[in-house]
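**Student:** Handing you this structure, nothing more for now.
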Amino acid sequence: MGPVVGDDGVARCPWGDADPVMRAYHDDEWGRPVHGESAHLERLTLEAFQSGLSWRTILMKRPAFRTAFHDFDADRVAAYDDTDVERLMADAAIVRNRMKVNAAVTNARATVALRDHGGLEALIHEHRPTHWSRPRTTEEVMARTAESLALSTALKKAGFAFVGPTTMHALMQALGVVDDHLVGCHCSPA
């Protein structure tokens, strides 16, 4: 399936025309570069929490995630202890999965440790594909790539958790490291 034309007359990737929440994310954020450590840590954390759930669920809980994780300030999250983990596990406004909560703390600590080696943002962008063909249909959108596998491996080596190659490809899409807006989508460059 290629782009669909919404009730507003605008062509979008099919998933981005599902409802107002997904439309706003598609139109205003997905595939657009972000800058800064907390922005990258937020996207990494949310992608991990999304695993096994709908992205809409995560977007609806995003404000609560930002509050619960102190706006993804790596230093603050890296300092979380068992009391903080229990606080998060009791917070019904976020996804309460102990493995994912622990991974968020682990990943904040790994993010802090990466500062002396260029940082999380640099490591992610080191794995940008040198050649990328924008997909024409949803069938052409890949779930994982050699680059997402390499990023997953590099992050695991740096101490990160919950960073499998499929999740890392989703992260690369979200950050605009790869542009998977379908040809013909209004977000796709001409």
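The values are calculated or read from the model by the stated rules, or taken from the named source; none is laboratory data. Computed from a prediction, not measured in an experiment: that's the story for all the values here. Virtual Cβ from ideal backbone geometry, glycine too; neighbours counted across all protein chains shown.
**Student:** Which pairs do you get when a residue that is within 19 Å of residue 63 (Cβ to Cβ) and touching a residue at least 40 places away in the same chain (Cβ under 8 Å), found in region 16-34, comes within reach of a residue that is of a type in the set (D, E, K, R) and crowded, with 17+ Cβ neighbours inside 10 Å, reach meaning Cβ atoms under 7 angstrom, with the pair 6+ apart or on two chains?
**Tutor:** 26/12; 34/43
**Student:** Same structure again: Condition first: closer than 23 Å to residue 112 by Cβ and not hydrophobic (A, V, I, L, M, F, W, C). Now tell me which residues in region 63-75 satisfy that. Step through it out loud before you land on a result.
**Tutor:** So in region 63-75, the residues closer than 23 Å to residue 112 by Cβ come out as 65-75.
Listed by number, the residues that qualify are 66, 67, 70, 71, 73, 75.
**Student:** I need the full set of residues from region 17-38 which are at pLDDT 95 or above, out of contact with any Cys (no Cβ under 7 Å at 6 or more places or on another chain) and crowded, with 16+ Cβ neighbours inside 10 Å, in order please.
**Tutor:** Within region 17-38, 22, 23, 25, 30, 37, 38 qualify.
**Student:** Could you tell me how many of the residues in region 141-190 are outside any helix (DSSP H, G or I) and of a type in the set (S, T, N, Q)?
**Tutor:** Residues in region 141-190 being outside any helix (DSSP H, G or I) and of a type in the set (S, T, N, Q): 2 in total.
**Student:** State all residues of region 47-56 that are touching a residue at least 12 places away in the same chain (Cβ under 8 Å) and surrounded by fewer than 14 Cβ atoms within 10 Å (Cβ to Cβ); if no residue qualifies, say none.
**Tutor:** Answer for region 47-56, where residues must be touching a residue at least 12 places away in the same chain (Cβ under 8 Å) and surrounded by fewer than 14 Cβ atoms within 10 Å (Cβ to Cβ): just 53.
**Student:** May I ask you to list the residues in region 141-160 that are surrounded by fewer than 17 Cβ atoms within 10 Å (Cβ to Cβ) and under 21 Å from residue 72 (Cβ atoms)?
**Tutor:** Within region 141-160, 154, 156, 158, 159 meet the criteria.
**Student:** Okay, next question. Of the residues in region 168-186, how many are within 18 Å of the chain's Cα centre (by Cα) and either buried (at least 21 other Cβ atoms within 10 Å of the Cβ) or more than 14 Å from residue 40 (Cα to Cα) (or both)?
**Tutor:** Number of matching residues: 12.
**Student:** Here is a list of conditions, (1) modelled with pLDDT under 95; (2) of a type outside the set (Lys, Arg); (3) touching a strand residue (DSSP E or B) at 6+ places or on another chain (Cβ under 9 Å), and residue 13 meets all of them except one; can you say which number that is?
**Tutor:** The single condition residue 13 does not satisfy is (1).
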